[in-house]
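Participant: Mind looking over this structure? Questions follow.
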Amino acid sequence: MALSEVDRLIQLLARLPGLGPRSARRAVLHLIKRREALLDPLARAMADVAVSIRTCSTCGNIDTVDPCAICRDEKRDRSVICVVEDVADLWAIERTSSYPGQYHVLGGTLSALDGVGPEDLRIDRLVGRTSAAEVSEVILATNATVEGQTTAHYISDRLAGTGVTVSRLAHGVPVGGELDYLDDGTLTAALKSRRRLGATE
Amino acid sequence: MIEWTDDAIVLSARPHGEGAAILQLLTRRHGRHAGLVRGGASRRMRGVLQPGNAVVAHWRARLAEHLGACTVELVQNRWAQWFDDPERLAGLDAICAVSEASLPEREPLEPVHEAATAFLDHLDAELWPVLYVRWEIGLLGALGYGLDLSSCAVTGETDELVYVSPRSGRAVSRRGGEPYRDKLLPLPAFLLGKRAPTHADFLDGLELTGQLLRRHVLNPANRDLPPARLRLVDRIRDSSTISMHSDTDQEVT
């Protein structure tokens, strides 16, 4: 028996992260009940995004325009590039509104076993970008995992000859964190990268 | 219900579904073992499930052949202190990757676990690459392809052993190996305990064990050395910080 459109919608929604068949049914029911306020705008928004979404050819961010809005923005500092693993990480940093520079999305990390090599990540393109005269610093904001750090070290080697400053994010006690609840790995990292009190930058 | 609790080293954790992870462990008494960790992709668990970490694992399944569910408790975080040390991080990554690629699943090989623990505990030693090469030789031995460096396989000499036969893993002297020198692997002198290792020796050692692992263990299973192991060689080759000792008394082995 052919599935009705509603069933098909439920099945598709159930494949989203965080949703199962039961919650997808609830969501669909809710959408149908609020057709004008939710269902129609959602359908239009999804159709628009499906047509216009693309990956920025410069930084790897996703946006409806290429180059993306961040790369186009004249007000942003073009001398700093922040390297992140994934678009989600880029969004996380953007939410802080404390970073005025450009980004570079790698699209993953070097894997120890699965054969994700440098050629699978956008590392060559990053090296190409840093060779532009205006770039003076690359901030490596890969995750604080073994793979993330291995990737960061690899990139820092690749950039060794280019003359740009390579820095990485600090690792340590989270803001609002209590030492007693920290795992010993974080504490070790925090102790190693302690800094002088009262020192500016 | 089958269950056990064992000391283990985390080799890798792959995300599975939304919140879970499939964990590969090198356990003390149960060999290389996999298990599903519920909530393994969570923020809390991600730090625990990093390669090289020492954990106590509790595994349970209804039947022995099932993947089973695993809970782990962190004993020691081994990698956080090597965050900023690309060479040692590469060593840690390589030992985990090589263990995962070459060890048979669920075959108890306690010496391999023991040696890996010793390596990770002594990663701060200056000559840690020696320990790494020694560990791979031990691994080959545990898998049944041990080296025999006591005498030359061709002439029976015990002096001037400079090659290893890739086929038998036996040492070959300079004289005995002359006709086959293209096919033989160089034997770094530090493995005979004769000389403190040099930078080139580390590379020869890694080449030796790498070739043997390929030939005997990985290629028959249609695999190659894992990328992390290849990157370790690149790291050591380019490294200027790995010391080249001239002091013979500083043998770590």
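The values are calculated or read from the model by the stated rules, or taken from the named source; none is laboratory data. Bear in mind the structure is a predicted one, so any value in this text is a computation, not a measurement. Using ideal geometry, Cβ is built from the backbone for each residue, glycine included, and neighbour counts are taken over all protein chains shown.
Participant: Return the residues of the range A:143-167 that are under 21 Å from A:ALA92 (Cα atoms) and free of Cβ contacts under 8 Å to residues at least 12 places away in the same chain; say none if nothing qualifies.
Facilitator: A:GLN149
Participant: I've got another one for you. Among the numbered criteria (1) in a helix (DSSP H, G or I); (2) within 8 Å of another protein chain (Cβ to nearest Cβ); (3) under 23 Å from A:ARG158 (Cβ atoms), which one does B:ASP84 miss?
Facilitator: (1)
Participant: Go through (1) touching a Leu at 6+ places or on another chain (Cβ under 8 Å); (2) more than 26 Å from B:ALA90 (Cα to Cα); (3) away from chain A (no Cβ under 14 Å) and name the single condition B:GLU3 misses.
Facilitator: For B:GLU3, the exception is condition (1).
Participant: Restricting attention to the range A:92-99, does a residue exist that is buried (at least 20 other Cβ atoms within 10 Å of the Cβ), under 18 Å from A:THR151 (Cβ atoms) and in the same structural domain as A:ARG168 (by TED's automatic domain parsing)?
Facilitator: No.
Participant: Suppose we filter the range B:159-186 for residues that are on the phi < 0 side of the Ramachandran plot and in a loop (DSSP other than H, G, I, E, B); how many remain?
Facilitator: Residues that pass the stated criteria total 9.
Participant: Go through the residues of the range B:71-82 one by one and say whether even a single one is over 22 Å from the mean Cα position of the chain (by Cα), under 20 Å from A:GLY185 (Cβ atoms) and among the charged types (D, E, K, R).
Facilitator: Looking through the range B:71-82, at least one residue is over 22 Å from the mean Cα position of the chain (by Cα), under 20 Å from A:GLY185 (Cβ atoms) and among the charged types (D, E, K, R).
Participant: Let me ask something additional. Would you mind telling me which numbered condition in (1) more than 14 Å from chain B (Cβ to nearest Cβ); (2) in a helix (DSSP H, G or I) A:LEU3 fails?
Facilitator: Unmet for A:LEU3, out of (1) more than 14 Å from chain B (Cβ to nearest Cβ); (2) in a helix (DSSP H, G or I): (2).
Participant: If you don't mind, there's one more thing I want to ask. Look at the range B:88-114 and say how many of its residues are more than 9 Å from every other protein chain (Cβ to nearest Cβ), surrounded by fewer than 22 Cβ atoms within 10 Å (Cβ to Cβ) and touching a residue at least 60 places away in the same chain (Cβ under 8 Å).
Facilitator: Qualifying residue count for the region: 7.
Participant: Further question: Which condition breaks for B:VAL98 when tested against (1) more than 20 Å from A:VAL146 (Cβ to Cβ); (2) touching a helix residue (DSSP H, G or I) at 6+ places or on another chain (Cβ under 6 Å)?
Facilitator: Checking B:VAL98 against (1) more than 20 Å from A:VAL146 (Cβ to Cβ); (2) touching a helix residue (DSSP H, G or I) at 6+ places or on another chain (Cβ under 6 Å), the one that fails is (1).
Participant: Out of the residues in the range B:13-36 meeting the condition of being part of a strand (DSSP E or B) and more than 24 Å from the chain's Cα centre (by Cα), tell me which one is surrounded by the fewest Cβ atoms within 10 Å (Cβ to Cβ).
Facilitator: B:HIS16
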